[in-house]
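These notes are about the structure you will find just below.
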Amino acid sequence: MYLSNIKLWNFRKFGTEGDIDTNNPNLDLNLTKGLNVIIGENDSGKTAIIDAVKLVLKTHSYDYIRVDDKDFYKETNRFRIELKFEDLKPEEAKNFTEWLGWTGTGADAKPFLKLNYDVKRQADKIIPTDVKAGVEEEGYLLSSETKYYFRATYLKPLRDAENELVAKRNSRLSQILLGDEAFKGKEKDNDLVKIFSGLKEELENYFKGVDNTGQPKATEGKQIKDKIDSYIKSFYSENNESEFQSTSTDIKSILEKLTLTLKGEPNPGLGTLNRLFMATELLHLTKSNWTGLRLGLVEELEAHLHPQAQMQVIEAFQKEKDIQFILTTHSPNLASKLDLENLIICNNGNAFPMGSTYTKLGKDNYKFLEKFLDTTKANLFFAKGVILVEGWAEEILIPSIAKAIGINLTEKGVSIVNIGHTGFDHYSKIYLRQKEPNMTIPVAVITDSDIRDYEKNGDNFVKRDATTVLLETTNKIAKINGKADQNVKYFPAPNWTLEYSLFKSTSLTMLFQRVVKDIVHTKINWVNFEKVLAERLIDKSKKFNKTKIAYEMAHAIDKDLVKEVQSIIISEDEDDTVNYLIKAIKYAAGN
């Protein structure tokens, strides 16, 4: 069986003011049988989803989990969590017979199970409640034995792996091993008990000064005992003496004496210990005779792990066929390597699975993104706003233009993603949903209109008819804008390309011309700058470094911003040809 759906009402970030409507959950999230990786910006609800599961199921490590006032959405006084489990095998379903529901009829009927946890508070006091199960909204109480079959394996963020793996009373290592089939139910009939029983007898004989047959034997232990006994006889009487006893030989005490480390690593670092601890904790999920839930909850998998180690762990998780994982991560490295169908994006009080059932991505889009969604582009999953651009020039120049108009894209949480081509659909459709609720992350697509003002005629470059260019540009821009859908908006250049729009800009043309002349610095007749620019935009063999031009312009704008009197003032006038960039910046930044 696996956790197939989570519904939340008024829990943490997922809520609305007013009473709960059980027919309209604030979060209705479907999960896959295998790997589910929850991503998104900070404070978007990733941990809330994990905590909701923990509140209902509890954990194998018996973490201290209780309801707190912070679990209620704002000032509401009731929250509800509902978990649905499907694909129950017969040996699993038998544990929950009286609480099961069924889908389908006859031979096609399949069992499912719903748990609900409905919590209320009154006069700032949280009213005690318990987990219930059943098809009906209210449900029926689960027995303590039944609850045991639902416990999840939980790996918290910033794990103190070293402390968890050392020998001590009630060590986490001993708890894990006690729950494994190798030791569970074998408290006496176990080879470890026999080994320690023999060791206990040898230790005690060492201090008694006898061998295994009871014959006297000179030992340092006997000398120490005799010295203590000389005082004991003085403190008590001649009839008293001390006795050294080894600790208990029950399996729990034995396992508490064990420390786990990595062979060949005398001083393992946090990353090594973290992986070792995860490997040990996951023993709960691989028990062969277990007929309960096999669910691993992992927060911030990347904690203490370098990127390559992260990939080793996630690839191991992906290979597990009968174990379900729900992970949270802030790592673009992980997000870029996972199949999109394994990802869930948290945004604006909701969570959005990236599977083909939910997005407008087609098969070709998924195939493309699996190959080309690298770490740099994956930062779009963690942004509050996204700007998609064609190339390096836009990526370099846009942050400086934004600062010049008073918008810091970093502070706003906006990611600029350079896709390196014009295939924006592959990326923009990540944010488009088949049905409501829709995502609210503003996605601005900046693209060239690509209607040339000049054309090559033999060896000459001839300016095209202005009326024709205007008509073609108007039609092209209308076509591009027609792609806008839900939260994705397009911002096409009103003139040919970014560079041509910079040249036509009333506020940036002087800076642009100066930078171009400095960079090209060949014996060119600059009297007709526009024609020289057009030649280099059309003829790729002619020297024209767009990236360097953008860099020098951005550098000049940044330097000018720190002056008392600025000389570069970027106009926000609608008629300025760089206004499309300003509109895109403001939209992505939520201005």
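Structural remarks
- Residue check for LEU260: farther than 30 Å from ILE49 by Cα, modelled with pLDDT of 80 or more, buried (at least 16 other Cβ atoms within 10 Å of the Cβ) and within 32 Å of the chain's Cα centre (by Cα): yes
- Pairs, first outside the structural domain of LEU343 (by TED's automatic domain parsing) in the range 360-386, second of a type in the set (Lys, Arg) and in a helix (DSSP H, G or I), C-beta under 6 Å, six or more apart: LYS360/LYS429; LEU361/LYS429; ASN365/LYS429
- Considering the range 22-111, the qualifying strands (runs of 3 or more DSSP E), each wholly inside and each with 2 or more residues that are under 29 Å from the mean Cα position of the chain (by Cα) and touching a residue at least 12 places away in the same chain (Cβ under 8 Å), run over 27-30, 35-40, 78-86.
- THR375 vs. criteria of a type in the set (Ser, Thr, Tyr), touching a Ser or Thr at 6+ places or on another chain (Cβ under 6 Å) and in a loop (DSSP other than H, G, I, E, B): yes
- Among the residues making up the range 404-419, those that are free of Cβ contacts under 8 Å to residues at least 40 places away in the same chain and either assigned to a loop (DSSP other than H, G, I, E, B) or of a type in the set (Ser, Thr, Tyr) (or both) are GLY406, ASN408, THR410, SER415.
- Members of the range 282-324 that are surrounded by 19 or more Cβ atoms within 10 Å (Cβ to Cβ), at pLDDT below 85 and either of a type in the set (Lys, Arg) or under 12 Å from THR153 (Cα atoms) (or both): LEU282, HIS284, LEU285
- All positions within the range 507-538 that are assigned to a loop (DSSP other than H, G, I, E, B) and under 44 Å from the mean Cα position of the chain (by Cα): SER507, LEU508
- Among the residues making up the range 282-318, a single one is under 19 Å from the mean Cα position of the chain (by Cα), over 19 Å from THR47 (Cα atoms) and charged (D, E, K, R): GLU315.
- Summed over the range 374-383, residues that are at pLDDT below 85 and out of contact with any strand residue (DSSP E or B) (no Cβ under 8 Å at 6 or more places or on another chain) total 2.
- Scan the range 381-393 for residues that are assigned to a strand (DSSP E or B) and either more than 12 Å from VAL443 (Cβ to Cβ) or in contact with an Asp or Glu (Cβ under 9 Å, 6 or more places away or on another chain) (or both) and the total you get is 2.
- Some residue of the range 562-573 being in contact with a Lys or Arg (Cβ under 8 Å, 6 or more places away or on another chain) and assigned by TED's automatic domain parsing to the domain that holds TRP496: no
- The single condition from (1) in contact with a Ser or Thr (Cβ under 6 Å, 6 or more places away or on another chain); (2) modelled with pLDDT under 95 that VAL386 fails is (2).
- Residues located in the range 454-465, provided they are in a loop (DSSP other than H, G, I, E, B) and either crowded, with 18+ Cβ neighbours inside 10 Å or not charged (D, E, K, R) (or both): GLY458
Yes/no matrix, rows are residues, columns are (1) farther than 23 Å from HIS330 by Cα; (2) part of a strand (DSSP E or B); (3) in contact with a strand residue (DSSP E or B) (Cβ under 7 Å, 6 or more places away or on another chain):
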site	(1), (2), (3)
GLU395	no, no, yes
ALA402	yes, no, no
HIS421	yes, no, no
ILE430	no, no, yes
ASN438	no, no, no
ALA444	no, yes, yes
SER449	yes, no, yes
ARG452	yes, no, no
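- Looking only at the range 232-277, residues that are under 19 Å from ILE176 (Cα atoms), in contact (Cβ under 8 Å) with a residue 60 or more places away in the chain and either among the basic types (Lys, Arg) or in a helix (DSSP H, G or I) (or both) come to 9 in all.
- The range 105-127, residues that are surrounded by fewer than 16 Cβ atoms within 10 Å (Cβ to Cβ) and closer than 20 Å to LYS94 by Cα: THR105, GLY106, ALA107, ASP108, ALA109, LYS110
- Meets criteria (touching a strand residue (DSSP E or B) at 6+ places or on another chain (Cβ under 6 Å) and not in a strand (DSSP E or B)) for ILE477: yes
- Within the range 281-301, not a single residue is in a loop (DSSP other than H, G, I, E, B) and farther than 24 Å from HIS60 by Cα.
- Cβ-Cβ under 9 Å pairs, at least 6 apart or on other chains, the range 522-540 side of a type in the set (S, T, N, Q), far side assigned to a helix (DSSP H, G or I): ASN525/VAL532
The values are calculated or read from the model by the stated rules, or taken from the named source; none is laboratory data. Computed from a predicted model, the values in this text were never measured in an experiment. FYI the Cβ positions are ideal-geometry reconstructions off the backbone, even for glycines, and counts take in every protein chain you see.
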